[in-house]
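Report on one structure; see the data block that follows.
The values are calculated or read from the model by the stated rules, or taken from the named source; none is laboratory data. Predicted model only: the values in this text are computed from it and were never measured. All Cβ positions, even for glycine, are placed from backbone atoms using ideal geometry, and neighbour counts span all protein chains on display.
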Amino acid sequence: MGQLLSDEQIARYHADGFLAIEGFVGPTACAALRRRAVEIVEEFEPTERRTVFTTNEQDRISDGEFLESSNNIWAFFEEEAFDDDGVLRQDKALSINKIGHAMHDLDDEFGAFSYTADLAAVAADIGMTDALALQSMYIFKQPLIGGEVGCHQDATFLYTDPLTVTGFWFAIEDATLDNGCLWMAPGGHRTGLRKLFKRRGPDYTRTDLGTEFEVLDTTPLPSPDALVPLEATAGTMVILNGLLPHWSDINRSAHSRHAYSLHCISAAAEYPAWNWLQRSAELPLRRLDRSDRASV
């Protein structure tokens, strides 16, 4: 397949660190992925621990379910899902923050959505000719309790040498100012990586040792008032450079903001053993263009 993005779009992506492409996915594909995500939640039976997801205190979610979700499909609850007695405040279907992190390789519907010729072409257009699909997340941004995603750089959590992680974020429902759309720091990808989220060693294969942050640069990330909002209609795809600071607010509206995110890395880059997300040899990473398999 030839170039899918225009030269102007490619230049804008490299200048800003992100690019929104409206109508990249049709309503039928969005509806099918949403329906499958709801089914996964319906089938999900949590353990007593009931893993909660937050990006503001990552050490709170570095338990077995979180670290082992690299090779599985797991549902994570919203921070505000439970009352003081540990009882769900509302139905389970309205209490899940996200599903992660290997749906693209373990579920047919997510696989069909993720591995497309158009997405592989877009990745190649921005310089990722050997893109490997590393991590998938379906994010619900539930009505009234959809949690804030603190300002961060994706390369903090999915590091490669050289830095290659790139996010492909899909609006499955309309993302608005009211329900927690993305906010960006245009050009912010030209600054350095602030910190790394790592498994504690020395044995990185163990999940009981937890995780930690390593600070690389004490320069603070932009505050929300320094960012610009990116509202997106359902079917829009947003490409995000791994160094780009971005954020989304709490959803206090009555409307959910479903989104799907697929993070990719270059097959040629080194992927350290201390990265929190580690795939097993039985589930090797696959290229977006499906032309090869590679183990990481």
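Please go through (1) surrounded by 14 or more Cβ atoms within 10 Å (Cβ to Cβ); (2) more than 29 Å from Leu67 (Cβ to Cβ); (3) in contact with a Phe, Trp or Tyr (Cβ under 7 Å, 6 or more places away or on another chain) for Trp183 and return the number of the only condition it doesn't satisfy.
Exception for Trp183: condition (2).
Within the range 186-212, which residues are touching a helix residue (DSSP H, G or I) at 6+ places or on another chain (Cβ under 7 Å) and among the hydrophobic types (A, V, I, L, M, F, W, C)?
Listed by number, the residues that qualify are Leu193, Leu196, Phe197.
In the range 251-266, which residue that is hydrophobic (A, V, I, L, M, F, W, C) and over 25 Å from Thr211 (Cα atoms) is surrounded by the most Cβ atoms within 10 Å (Cβ to Cβ)?
Ala259
Would you be able to tell me the number of residues in the range 155-174 that are closer than 22 Å to Phe110 by Cα, touching a Ser or Thr at 6+ places or on another chain (Cβ under 8 Å) and either of a type outside the set (Asp, Glu) or surrounded by 22 or more Cβ atoms within 10 Å (Cβ to Cβ) (or both)?
5
Within the range 97-125, take every residue that is of a type in the set (Gly, Ala, Ser) and surrounded by fewer than 19 Cβ atoms within 10 Å (Cβ to Cβ) and give me the one that is nearest to the chain's Cα centre (by Cα).
Here the residue is Gly111.
Which of the residues belonging to the range 76-87 are hydrophobic (A, V, I, L, M, F, W, C) and closer than 21 Å to Phe197 by Cβ?
Residues satisfying the conditions are Phe76, Phe77.
Find the strands (runs of 3 or more DSSP E) located wholly in the range 150-250 whose residues include 1 or more that are of a type outside the set (Phe, Trp, Tyr) and closer than 18 Å to Tyr271 by Cα, and list them. I'd like the intermediate steps shown before the answer.
Values: elements: 166-171, 182-184, 195-199, 211-215, 228-230, 237-241, 246-248.
Where strands (runs of 3 or more DSSP E) fall fully within the range 150-250 and carry at least 1 residues being of a type outside the set (Phe, Trp, Tyr) and closer than 18 Å to Tyr271 by Cα, they are 166-171, 195-199, 211-215, 237-241.
Residues of the range 35-58 being surrounded by 13 or more Cβ atoms within 10 Å (Cβ to Cβ), over 21 Å from Phe170 (Cα atoms) and at pLDDT below 60, which ones?
Passing the criteria: Arg50, Thr51, Val52, Gln58.
Residue by residue, here is whether (1) of a type outside the set (A, V, I, L, M); (2) under 27 Å from Arg89 (Cβ atoms); (3) in contact with a His (Cβ under 6 Å, 6 or more places away or on another chain) holds:
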| position | (1), (2), (3) |
| --- | --- |
| Thr116 | yes, no, no |
| Thr129 | yes, no, no |
| Leu132 | no, no, no |
| Tyr138 | yes, yes, no |
| Leu144 | no, yes, no |
| Ala155 | no, no, no |
| Ala171 | no, yes, no |
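Can you pull out the residues in the range 138-148 that are touching a Leu at 6+ places or on another chain (Cβ under 9 Å) and surrounded by 21 or more Cβ atoms within 10 Å (Cβ to Cβ)? Spell out how you get there, then give the answer.
Pass one, the range 138-148, residues touching a Leu at 6+ places or on another chain (Cβ under 9 Å): 138, 140, 142-145.
Across the range 138-148, the qualifying residues are Tyr138, Phe140, Gln142.
If you scan the range 16-29, which residues turn out to be closer than 18 Å to Leu182 by Cβ and either touching a helix residue (DSSP H, G or I) at 6+ places or on another chain (Cβ under 9 Å) or among the small types (Gly, Ala, Ser) (or both)?
Listed by number, the residues that qualify are Asp16, Gly17, Phe18, Leu19, Ala20, Ile21, Gly23, Phe24, Val25.
Consider the range 72-109. How many of its residues are touching a Gly at 6+ places or on another chain (Cβ under 7 Å) and closer than 20 Å to Cys264 by Cβ?
Count: 2.
Could you check the range 156-185 and list, in sequence order, the residues that are touching a helix residue (DSSP H, G or I) at 6+ places or on another chain (Cβ under 8 Å) and of a type in the set (Val, Ile, Thr)?
Val165, Thr166, Ile172
Scan the range 61-96 for residues that are assigned to a strand (DSSP E or B) and crowded, with 17+ Cβ neighbours inside 10 Å and jot them down. Lay out the reasoning, then the answer.
We begin by selecting, within the range 61-96, every residue assigned to a strand (DSSP E or B); these are 73-77, 82, 88, 96.
If the condition is that a residue be assigned to a strand (DSSP E or B) and crowded, with 17+ Cβ neighbours inside 10 Å, then Ile73, Trp74, Ala75, Phe76, Phe77, Ile96 are the ones that fit.
For residues in the range 10-34 being in a helix (DSSP H, G or I), touching a residue at least 60 places away in the same chain (Cβ under 8 Å) and over 18 Å from the mean Cα position of the chain (by Cα), which is surrounded by the most Cβ atoms within 10 Å (Cβ to Cβ)?
Among them, the one singled out is Tyr13.
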